[in-house]
Amino acid sequence: DKEEYLKDRGMNYPYDEVTPGAKPNTQQQLILNIENSLFGEDAYRTQRRECNAYFNQVTDPCCAFICQQILQEI
């Protein structure tokens, strides 16, 4: 599914770099990955936090800017 989607649509960011975690190719791998996530060690915790910090960073006060942009459009 991923390869087909990427072929037709593409991504703004390298998929594997911004989606830390297991990438199972079979249902058996998926079940094993779910079990590891629920009952094992979270091997991707640090990478997910880094991606979250990157995509959710607020560097400027943006509320006023967004409101201004909306008001200009209406």
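The values are calculated or read from the model by the stated rules, or taken from the named source; none is laboratory data. Model, not experiment: these values are computed from the prediction. Glycine gets a Cβ as well: all are built from the backbone with ideal geometry, and neighbour counts include every protein chain shown. Quick note on the areas: whole protein, heavy atoms, side chains included, nothing else; ligands and nucleic acids left out. Shrake-Rupley method; radii C 1.70, N 1.55, O 1.52, S 1.80 Å.
Some notes on this structure:
- Residue count for region 14-41, restricted to those that are open to solvent by less than 100 Å² (accessible area, probe 1.4 Å) and not in a helix (DSSP H, G or I): 9.
- Close pairs from region 13-27: first aromatic (Phe, Trp, Tyr), partner exposed (fewer than 12 other Cβ atoms within 10 Å of the Cβ), Cβ under 8 Å, at least 6 apart: TYR15/LEU6
- Number of positions in region 1-13 that are under 24 Å from GLN27 (Cα atoms) and either in a loop (DSSP other than H, G, I, E, B) or open to solvent by less than 90 Å² (accessible area, probe 1.4 Å) (or both): 3
- Test: residue in region 42-58 that is touching a residue at least 12 places away in the same chain (Cβ under 8 Å), part of a loop (DSSP other than H, G, I, E, B) and open to solvent by 80 Å² or more (accessible area, probe 1.4 Å): yes
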